[in-house]
Structures are given as structure tokens and as C-alpha cells.
Amino acid sequence: MKADPSAYTIPPAVTDLFVDLLALPAVQRGMAFIQADHEQTVAEQRQICEIPAPPFAEQVRAADFQQRLAALGLQDVQLDDEGNVFGLRPGTGKGPKLLVTAHLDTVFPAGTDVSVTEKDGKLHAPGISDDAGGLAALLGVLRALNDAGIQTTGDILFGGTVGEEGLGDLRGVKAMFRDHQDIDGFISIDGTNVGNITYLATGSHRYEVTYRGPGGHSFISFGRPSAIHAMGRAIAAIGELRTPDEPKTTFTVGIVSGGTSVNSIAAEARMLVDMRSNREAELLALEAQFLDVLQQAATAENARWASEQISFEAKLVGNRPAGVQPSDTAIVQAAWASAQAIGQMPSLGSGSSTDSNVPISLGIPAVTLGRGGKEDNNHAPNEWFDPADAWLGPQRVFLTVLGLMGVAGSTAPLLAKGKR
């Protein structure tokens, strides 16, 4: 849903906290630094974009990002077994721990030309916004904390994750929360809308389904069952499935392939299917219907030709957990107040599939916040990014982090410690 200030309210104490934050000289310095640092942030965005990071091959960009994090003074900067890069900015040791990330990977395959061009003030390149912009914004926030000399009460892990796009299946952020049991909150930098707050997780189950049969010549072997015909029966039945409007629950057969020639009875046919919902229970209910349909299609094709030769395999190739959290949780309130503090109109976004899915599904407070600027044609070769006023994104993240983590000696953290 979209929300406006009259439909969503936060406690006065949270609003007052952000007034107090903006009154601190160090915070004012950090905010001014981010705006003055805008050209550096955009330059890094271009540099990062031109380092290819295709699905499951993010290593070169990860190594570059590791060097950038180390140069900014993070402790124990490392590359984990999954390919994530992260380092620690310690607080006083008496507060919660926050993980702040952007994703390293893009949707574009190896060999894609990722050279950045500029026209009419816009940057054009595959992946220039999603998520080279998020990675650059994260570095800008870190530089501002350093320049302002701010020590937070809580510890902050800054990093880049792998596997956010496509069939990456959130493998990077899944590994982070599997291997780090002490994380109390999470911020993902993705998208551009500075006021938007993604706090609901749209889950997805993705299947690769393969039907197999005997095959044969279309005329000589007529009477044998067809793998394509079986899959066609399944697709027709999938198209008739009914899903609830609330929570929004969807499905699509995205890719189909198979067969040998126009005059062959297909021995094999394959499809990729995507199912999504904002609640796990509805997603599982849809999945159960879908799996039943697959069996019914195989049975029907075999019955049509008095055969038992059609079989199928359904392989789960994507499992992004769904999840909800209260809109009045501290991390959502902090994200709302930070947007207002920089003069932006905050809004509660509808569910989306981002790295935040994993912590939300685990009951860990999490939001996805915009990197600023404007974008279009994401996931397309003609993707573009307009950096005008994009510094508002890092400013908003900077303030949200400080609200959640607390400024040592000045403000208390909003984020609770040790709830996991």
C-alpha cells in the first residue's frame, strides 16, 4: 500500500530523536559531506558498473568492492565462502548490530557490454542503477561517517551480497544470516525512490519442470504420448488456477522449450514457472495446487494414448521466503522519520522481492531503502540512471542508520539488541 503522513503516524519520541540527530554538529557535517561528495559517489557508481558481475560470477566486482571497503577503514574486511564481501565498523560494544548491504550481481550474462555512456545528464549502461548505484551509495554513507568522526553505539557491518538477482535465490544474504547469528537489523539499498520503505517480503517459488516421453516419428509412431502435449495440458491447467487478491499471489509460466523437429513426437519438454505471494501460507497453497496439476497433466496424456510412458520431474530452482512485519516496528518508524527529516514524502511500499526477504522471514527487522536519483529500463540493456539529487538517498540511509544505532554519548539506539 501507499501511505501518507495522515494515514501513518509514528511516536513523537521517534520524530524528536531525528530532530535531535539533525541538531548534532557531527551529523550536520555528515549530511553536508554526502551532498558535497555527490560527484565522487557518481564516479564510483560508473566504475563499479563497468566491472562485470553476471549471475554466479561476481568475483571480480567483489574483489574490487573488498578493496574499497578496506580503504575506508572497516575492520576484518573479508570475502566469505558464498562470495559476499563485508567488514565491520565497530560501535561502543554496548548496542545492537546492523547489517547494511547492496547487491553485487546483475541480471546480465557474461560478455555483456557494460560500458557507461552519458547523454543529457543520464548515465546509460546495463546495471548502472541496479545495483551499482546501491553499492556506491553505501560507500558514500561510510565516507560520511568517517569524515564526521561519528561513533555509533551499535556495531555496523557494511557489505555487498551475491545472488540477489534471477536464479541467485538470495544465496548471499541467506549465507550472511546463516553464518552471523548476532545481527539485530538489516538495511538493503536498492531501488531509487528516496521516500519508499519496502518492509514486506514477496516470496517466490520457482520450478524447472521437465516432461519426458518415448518420442518418435510424427506419422510412423503416431499414437505415442507427447512430452509437449503433456506440458501443454499442464500449462492450460495452470492458467485456470485461482489465487487471492489479498495477499497478492501470482503465477506465470515464463519459459518453455522442447521437441526435436516439426515432424517428431516430442521426447522432452521443459518449462520454468514462477509463483509469488506476500505470505508464505498462500505461496505454499498455490505450490500444492501447481504440483497436483503437473501430475494430472501426465496422467491425462498417458490416458489419451493408453500409455504409461509420460513422466515428469519438478525441480525447485528458486525459494525466496515470504514474510511480514508490523508497520510500527522501530526500523520502519526510523525509515519513515528519516525521509521526513530530509523533506521527502515517505510511503510504505507494497511487498517486493529483495535481500530483505530473508531477515523478514526470520523475524529480524529489515527494510529496503532507495539509493536516490531516477531510473528506468532496469534489467534491460538500455537501463539508465539520472543522478540529479541522488545524494538524498545516502543522506536518508545515513540518518536511518544513526537513528537505529545511536550516536555514542548523544542518542540511544532505536533498534533492540539480541532479539534473535
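The values are calculated or read from the model by the stated rules, or taken from the named source; none is laboratory data. None of these values were measured; they are calculated from a predicted model. No Cβ is skipped: glycine too gets one built from the backbone with ideal geometry, and neighbour counts run over all protein chains shown.
May I ask you to list the residues in the range 375-407 that are out of contact with any helix residue (DSSP H, G or I) (no Cβ under 8 Å at 6 or more places or on another chain), farther than 20 Å from ILE331 by Cβ and either among the small types (Gly, Ala, Ser) or in a helix (DSSP H, G or I) (or both)?
Of everything in the range 375-407, those that are out of contact with any helix residue (DSSP H, G or I) (no Cβ under 8 Å at 6 or more places or on another chain), farther than 20 Å from ILE331 by Cβ and either among the small types (Gly, Ala, Ser) or in a helix (DSSP H, G or I) (or both) turn out to be ALA380, ALA388.
Just a yes or no: is a residue in the range 142-159 in a helix (DSSP H, G or I) and either under 22 Å from the mean Cα position of the chain (by Cα) or among the acidic types (Asp, Glu) (or both)?
yes
Among the residues in the range 95-107, are any over 18 Å from ILE183 (Cα atoms), modelled with pLDDT of 95 or more and basic (Lys, Arg)?
Scanning the range 95-107 turns up no residue that is over 18 Å from ILE183 (Cα atoms), modelled with pLDDT of 95 or more and basic (Lys, Arg).
Exactly one condition in (1) within 30 Å of GLN35 (Cα to Cα); (2) of a type in the set (D, E, K, R); (3) in contact (Cβ under 8 Å) with a residue 60 or more places away in the chain is not met by ASP376; state its number.
Only one criterion in (1) within 30 Å of GLN35 (Cα to Cα); (2) of a type in the set (D, E, K, R); (3) in contact (Cβ under 8 Å) with a residue 60 or more places away in the chain is unmet by ASP376, namely (3).
Run GLU44 past the list (1) part of a helix (DSSP H, G or I); (2) in contact (Cβ under 8 Å) with a residue 40 or more places away in the chain; (3) over 27 Å from the mean Cα position of the chain (by Cα) and report the number of the one that doesn't hold.
(3)
So, in the range 292-327, exactly how many residues are in contact (Cβ under 8 Å) with a residue 40 or more places away in the chain, within 17 Å of GLY223 (Cα to Cα) and of a type in the set (Asp, Glu)?
1
Quick check: is even one residue across the range 306-321 assigned to a helix (DSSP H, G or I) and touching a helix residue (DSSP H, G or I) at 6+ places or on another chain (Cβ under 7 Å)?
No, the range 306-321 contains no residue that is assigned to a helix (DSSP H, G or I) and touching a helix residue (DSSP H, G or I) at 6+ places or on another chain (Cβ under 7 Å).
Here is a list: GLY349, GLY363, GLY323, GLY372. Which entry is modelled with pLDDT of 95 or more and within 25 Å of ASP130 (Cα to Cα)?
On inspection, the qualifying residue turns out to be GLY372.
Among the strands (runs of 3 or more DSSP E) lying completely within the range 186-288, list those that include at least 2 residues that are touching a Leu at 6+ places or on another chain (Cβ under 8 Å) and of a type in the set (Ser, Thr, Tyr).
Where strands (runs of 3 or more DSSP E) fall fully within the range 186-288 and carry at least 2 residues being touching a Leu at 6+ places or on another chain (Cβ under 8 Å) and of a type in the set (Ser, Thr, Tyr), they are 203-212.
Go through the range 233-258 and report how many residues are buried (at least 19 other Cβ atoms within 10 Å of the Cβ) and either outside the structural domain of GLN296 (by TED's automatic domain parsing) or in contact (Cβ under 8 Å) with a residue 60 or more places away in the chain (or both).
3
Check off (1) under 21 Å from LYS417 (Cβ atoms); (2) touching a residue at least 60 places away in the same chain (Cβ under 8 Å) for GLY83 and give me the number that stays unchecked.
(1)
Report whether or not THR92 is farther than 19 Å from LEU404 by Cα and surrounded by fewer than 17 Cβ atoms within 10 Å (Cβ to Cβ).
Considered against the rule, which asks whether it is farther than 19 Å from LEU404 by Cα and surrounded by fewer than 17 Cβ atoms within 10 Å (Cβ to Cβ), THR92 comes out as no.
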